[in-house]
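Written out below as structure tokens is the structure these notes cover.
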Amino acid sequence: MKKKTLNKVWIYLLLIAGAVFFIIPFFWMFSTSLKSYDDVFAFPPVWWPSEVLWSNYAELLTELPFLRYTLNTVFVTGMTLLGFMLSSSIVAFGFSYFRIPGKKILFRILLVTLMIPPQVTMIPQFVLFNRLGWVGTFLPLIVPTFFGGAFSIFLLKQFFDTVPREYSDAAKLDGANEWRIFLKVYLPLSKPALATSALFIFIWTWTDFLNPLIYLNDDRMYTLSIGLQQLSTSRTTAWPQLMGGSVLMTLPIIVLFFLAQKTFIQGIQVGGIKS
Amino acid sequence: MGLLFLSPWLIGLVVFTAYPIIASLYFSFTYYSGLSSPRWAGLDNYVQLFRDSLFWKSIYNTLYLAIIGIPLAQILSILVALLLNTKVKFLAIFRTLYFLPSIVPAVATALLWKWFLNPQFGPVNLLLERIGLPTPGWLTDPLWSKPALIFTSIWGVGGAMVIYLAGLQNIPSELYEAAELDGAGRIAAFTKITLPMLSPVILFNVVMGIINSFQSFTSVFIMTAGGPENSTLVYALSIYRNGFQFYKMGYASAMAWILLVMTSVAIFFVFKFFGKYGYFGGADKS
């Protein structure tokens, strides 16, 4: 019995030590965002500012175009969510509900596309969008999302497969066509999977760096990722603002995590276990 | 009728995936700036690549980060998952703390760690100095820049940890009870039950690790821009530079295709390895 409690003590000690390692960087990010330049470049470094400057955040929003970046990011993320959710749920329903010749092979192709490095398609896509005159607009970030996302289709299809056939058969007897079955039977039953899918799309788009880097070239259209990166190259020592911007960019995700913790954890675990 | 529902994806597959893959293969055999039309180059891009010392350097750097980073991330996340799977109190709190860093935006993570590892004004070297350890230059030192990137990626290991935790919770406890009855020790239970039962999950995480690590771009772009002395010039960064900064899009396409082949080969061998040593006989029909 005694040995067991000793074991438990070790486990907790290890877990706490690990947790500290994971938390300290967050703390450093936040404390830096409130520091004056004197505190930032103090030697030895100080953990907490001698004078707490909330005005750093005010500066981000008024003197620097952070509000603009945020609105741009919200717009792109919103449109991406709309595009991916709309198209992916329709396609996933197609994969799950219908008998289509070659469906298995198509679904396998879908899974393979998940593994293709974006670098392989990046250059021809750029050339294509450039020819359309879309470079420098939000269109290259938004339009492709209306053609479905492989991960969302996969996730939703797996969930749609668990919807009992009897439900759609009953709806069919009542005279419902495929669209009605999709809208009135499948979608309402699949709220958890839809939520998981939306959550992941939100995070990917909110944090995406490579695509905005390639396609956005006007300061007024930058998303938070690019805005922050540009700030870090134009004002290399503006650490309070850079950390403040990082806090602002991270905050919505953390809030979302606490609101939808279950959806989050289950989504990640389902993705990992089922495939 | 069913095809109508699939059509958005089918069109997207052709326009945004299949055509670009074939086009980039074609570009890889051309001189192409992206502005004027491509000129046939035969194998020239590939020949040049094999003579390009930066190409080999970027492969070396990428493999270094993958070969050290991926196993390290798996070991650490399995370890934390094992600790969390011992019926500890506050499980949800610990899980949250370990998981949160993995959802911080890559740009924020990169800036944070660049500042966190600052040799002069960051807390890491402050702590190292206090306990009498050497204080390396981290991202400013070619010897330490890659380990610094690995530390940064370890901070985001929570996603894999959560998946391992679910995998552990899926192992039927009867197996352990039976092993205990047979007099098996803890180490035997781990190597004979836990690891084999966990192998499909390990496979998934390793494959994801390979994909992510071969494509890793954002952290390096922001933290070091490939420096110092090209010690962090990773493959994806090199592609971006050639394509979008030097406008050598044919050259960059050749690199992209080599990346596709490298990724496929690596994943193929990982599957082979797990097929030989892993356990995939469970009742789980997926």
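Brief remarks on what is shown
- Along chain A, counting only GluC sites (Glu not before Pro) with a DSSP assignment other than H, G, I, E or B and at most 12 other Cβ atoms inside a 10 Å radius, the longest segment between sites is A:64-275.
- For A:Lys4, a cut-off of 18 angstrom between C-alpha atoms picks up these lysines, skipping any fewer than 8 places away in its own chain: B:Lys87, B:Lys89.
- Per residue, the average separation of C-alpha pairs within less than 8 Å and at least 6 apart gives chain A a relative contact order of 29 percent.
- FRET efficiency estimate (nearest 0.05) - Cβ-Cβ, A:Ile254 to A:Lys191, R0 22 angstrom: 0.45
- Residues whose amide H comes within less than 5 Å of that of B:Thr30, counting only those at least five positions distant or on another chain, are B:Ala41 (H built at 1.01 Å from N in the peptide plane).
- Pairwise FRET efficiency - B:Ile154 versus B:Thr86, Cβ, R0 = 25 Å, nearest 0.05: 0.70
- Bridging of B:Lys114 to lysines at a Cα separation below 16 Å is possible for B:Lys146, once same-chain residues fewer than 8 apart are set aside.
- For the protein assembly as shown, the 222 nm mean residue ellipticity estimated from helices alone, with every DSSP H stretch of n ≥ 4 adding -39500 (n - 2.57) and the total spread over all residues, rounds to -21500 deg cm²/dmol.
- Each Lys and Arg Cβ is given +1 and each Asp and Glu Cβ -1; about its Cα centre, the protein assembly as shown then shows a dipole of about 1140 debye.
- Working note: Karplus 6.51/-1.76/1.60 with θ = phi - 60° gives segment A:181-198 the couplings 4, 4, 6, 9, 9, 6, 4, x, 7, 10, 3, x, 5, 5, 5, 4, 4, 4 Hz, where Gly and Pro are set to x.
- Considering only alpha-carbon pairs that sit under 8 angstrom and 6 or more positions apart, the relative contact order computed for segment B:57-277 is 29 percent.
- Inter-label distance for B:Lys192 and B:Tyr46, nm, one decimal - labels placed 7 Å from Cα along Cα-to-Cβ: 5.1 nm
- Between the alpha-carbon centres of segment A:107-173 and segment A:224-241 there is a gap of 33 Å.
- Partner lysines whose Cα lies under 29 Å from the Cα of A:Lys191, excluding those fewer than 8 positions away in the same chain, are identified as A:Lys103, A:Lys104, A:Lys157, A:Lys172, A:Lys262, A:Lys274, B:Lys285.
- Whole-angstrom gap from segment B:209-259 to segment B:47-106, using each part's C-alpha centre: 19 Å
- Gyration tensor (alpha-carbon) shape descriptor, the protein assembly as shown, a/c threshold 1.5: rounded
- Near the amide H of A:Asp208, within less than 5 Å, lie no amide hydrogens of residues on another chain or at least 5 residues away, with H placed in the peptide plane.
- Among A:Phe258, B:Phe16, the ranking by other beta carbons within 10 Å of each residue's beta carbon, starting with the fewest, stands as A:Phe258, B:Phe16.
- Think of each Lys and Arg Cβ as +1 and each Asp and Glu Cβ as -1; about the Cα centre, that makes the dipole of segment B:57-277 roughly 300 debye.
- Computed label-point distance, nm, for sites A:Gln230 and B:Leu76 using a 7 Å Cα→Cβ extension: 3.4 nm
- Potential lengthening between B:Ile131 and B:Ala18 on full extension [0.36 nm per residue; Cα-Cα distance subtracted]: 35.1 nm
The numbers here are math on the coordinates, done by the rules we state, and not lab data. If you're wondering where the values come from, they're calculated on a predicted model, not measured in any experiment. Cβ: placed from backbone, ideal geometry, glycine included. Neighbour counts: every protein chain shown.
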